[in-house]
Amino acid sequence: MASNKKLMIMAGDGIGQEVMTATLKVADWLSKHRSISFDVTEGLVGGAAYDAHGTPLKDETLADAMAADATLFGAVGGPQYDDLPFELKPERGLLTLRKEMDLFANLRPAMVFPALVSASTLKPEIVSGLNIMIVRELTGGVYFAEPRGRTTDEDGTVRAFDTNMYTPPEIERIGRVAFDLARKRDGKLTSVEKSNVMHSGILWREVMTALHKAEGEGVEMSHMYADNCAMQLVRAPKQFDVLVTDNLFGDILSDTAAMLTGSLGMLPSASLGAVDATTGKRHALYEPVHGSAPDIAGKGLANPLAEVLSFSMLLRYSFDQGDDADLIEKAVEKSLEGELRTGDIMADGFTATGTDGMIDQVIRSLDELSR
Ligand code: NAD
């Protein structure tokens, strides 16, 4: 039975287009073999939109993304756009989408597939079997709160300042996303702040504690200072299941966690908006963590697995198709045991391949797993 989910596709620039084309082969496989099909709308974003329309995101494309059940995004940017004015830069297309869709929750899983244990800079026993989820508040805190700016005193002293401000509703809504995720995983949540030295941290801890009492049934929550968390992430990362934190700490901690896994070409992400009380739907955008990789763009060398795993997150969190997401993740894991690998995850004993070879290996794994 077809379910006709509205899927918006924005490949963007550089390898964004290559990894998207590859990932659509997985979507196509699902349409043929599983009980799901997609009503796909495509839109230009970033440099591709600028080249065609003189803007990194047309209003119509934004409207299509707002109307879709979920958006799968590639990557934007490239050196040919470096001299464009700020408002026309490719990255503005992505930032506008995040802002207009009010995507306040950024989900960054850090998983280490068994076949890639040696790609991490940490010892195998520290990262083997690692599977953590970092939930970062994305639209508030120090990157947005006012006052922020730069002044010069009469005596010539320059001051630059930012404000790390949160309100209880902002903390509650990201907290709810984290509790929901923890319930679907191992039921463990670590709330991260610096309540020892920051007022915003004290409020964060108070609100998370109250929310846990009111709505956190089935979730075991603990608190941790952000500096200790950074240390624990490289000392014993497997102690964590879900981590929730503010915009600034989340930015840093999610990159730290990402590097535990070894390759940028393997890292997916999701950005979620609030659930609409009437429709029960939420805006959501899924994208690989990597950029448009101009150094390898157009050569067919990009690893498509981060985009494939972003698509699997989309199925899990927007389409409630956990079984299909599980199958894709198993196929990725199995494909990593195959003989072909892209350059970014190359190791002794494997044969070099490109985007097509890697995705064909995933499709073969899907075929084998579903026999
Ligand atoms: P990048 O992620 O594009 O590339 C960093 C390095 O990782 C490069 O050597 C690249 O070849 C490699 N790499 C990245 N993804 C890979 C993959 N899937 N397979 C194999 N190798 C891969 O970061 P950058 O070089 O700092 O930025 C390039 C452009 O991308 C810039 O214009 C930047 O603004 C943009 N960017 C966009 C996003 C986004 O769209 N969300 C994110 C980051 C950077």
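Does Val135 satisfy the criteria of being buried (at least 17 other Cβ atoms within 10 Å of the Cβ), modelled with pLDDT of 95 or more and of a type in the set (A, V, I, L, M, F, W, C)? First the steps, then the outcome.
Numbers: buried (at least 17 other Cβ atoms within 10 Å of the Cβ): yes; modelled with pLDDT of 95 or more: yes; of a type in the set (A, V, I, L, M, F, W, C): yes.
Here the answer is yes, as Val135 does meet what is asked.
For region 298-319, the condition of being of a type outside the set (Ser, Thr, Tyr), crowded, with 17+ Cβ neighbours inside 10 Å and free of Cβ contacts under 8 Å to residues at least 12 places away in the same chain holds for at least one residue.
A single member of Asp255, Asp241 is buried (at least 16 other Cβ atoms within 10 Å of the Cβ) and not assigned by TED's automatic domain parsing to the domain that holds Ala67, and it is Asp241.
Among the residues of region 20-47, those that are within 11 Å of the ligand (Cβ to nearest atom) and either under 18 Å from Leu97 (Cβ atoms) or not in a helix (DSSP H, G or I) (or both) comprise Val45, Gly46, Gly47.
Listed by first and then second residue, the pairs with beta-carbon distance under 8 Å, at least 6 apart or on different chains, first residue in region 334-358 and in the same structural domain as Ala302 (by TED's automatic domain parsing) and under 16 Å from Pro114 (Cα atoms), second among the small types (Gly, Ala, Ser) and near the ligand (Cβ under 10 Å from one of its atoms), are Ile345/Ser263; Ile345/Gly265. The listed residues are Asp326, Asp320, Asp348, and the only one of them that is out of contact with any helix residue (DSSP H, G or I) (no Cβ under 7 Å at 6 or more places or on another chain), more than 12 Å from the ligand (Cβ to nearest atom) and outside any loop (DSSP other than H, G, I, E, B) turns out to be Asp326. Scanning region 55-114 for residues that are away from the ligand (no atom under 15 Å from the Cβ) and assigned to a strand (DSSP E or B), we see that the one that is nearest to Val45 (Cα to Cα) is Ala70. When region 117-141 is filtered for residues that are among the aliphatic types (A, V, I, L, M) and either assigned to a loop (DSSP other than H, G, I, E, B) or out of contact with any Ser or Thr (no Cβ under 7 Å at 6 or more places or on another chain) (or both), the ones remaining, listed by number, are Leu122, Ile126, Leu130, Ile132, Met133, Val135, Leu138.
Please verify whether Leu340 is more than 17 Å from the chain's Cα centre (by Cα) and more than 29 Å from Lys5 (Cβ to Cβ), treating the condition exactly as stated.
On the way: more than 17 Å from the chain's Cα centre (by Cα): yes; more than 29 Å from Lys5 (Cβ to Cβ): yes.
So Leu340 passes the test.
Residue by residue, here is whether (1) modelled with pLDDT under 95; (2) under 22 Å from Pro304 (Cα atoms) holds:
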residue: Thr55; (1), (2): no, no
residue: Pro85; (1), (2): no, no
residue: Leu88; (1), (2): no, no
residue: Leu95; (1), (2): yes, no
residue: Asp102; (1), (2): yes, no
residue: Asn106; (1), (2): no, yes
residue: Pro114; (1), (2): yes, yes
residue: Ser120; (1), (2): yes, yes
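Selection of region 175-192 for residues being of a type outside the set (Lys, Arg) and in contact with a strand residue (DSSP E or B) (Cβ under 7 Å, 6 or more places away or on another chain) yields Gly175, Val177, Ala178, Phe179, Leu181, Ala182, Gly187, Leu189, Thr190, Ser191, Val192. Per the conditions (1) over 30 Å from Ala67 (Cα atoms); (2) in a loop (DSSP other than H, G, I, E, B); (3) among the β-branched types (Val, Ile, Thr), the sole criterion not satisfied by Thr278 is (1). Summed over region 6-19, residues that are within 22 Å of Glu60 (Cβ to Cβ) and in a helix (DSSP H, G or I) total 2. Screening the candidates Ala306, Ala302 for the property of being farther than 19 Å from Trp29 by Cβ and near the ligand (Cβ under 10 Å from one of its atoms) yields one hit, Ala302. Filtered by the rule that a residue be surrounded by fewer than 16 Cβ atoms within 10 Å (Cβ to Cβ) and within 12 Å of the ligand (Cβ to nearest atom), region 258-297 gives Pro294, Asp295.
The values are calculated or read from the model by the stated rules, or taken from the named source; none is laboratory data. Computed from a prediction, not measured in an experiment: that's the story for all the values here. Ideal geometry is used to build each Cβ from the backbone, glycine not excepted, and the neighbour counts take in all protein chains shown.
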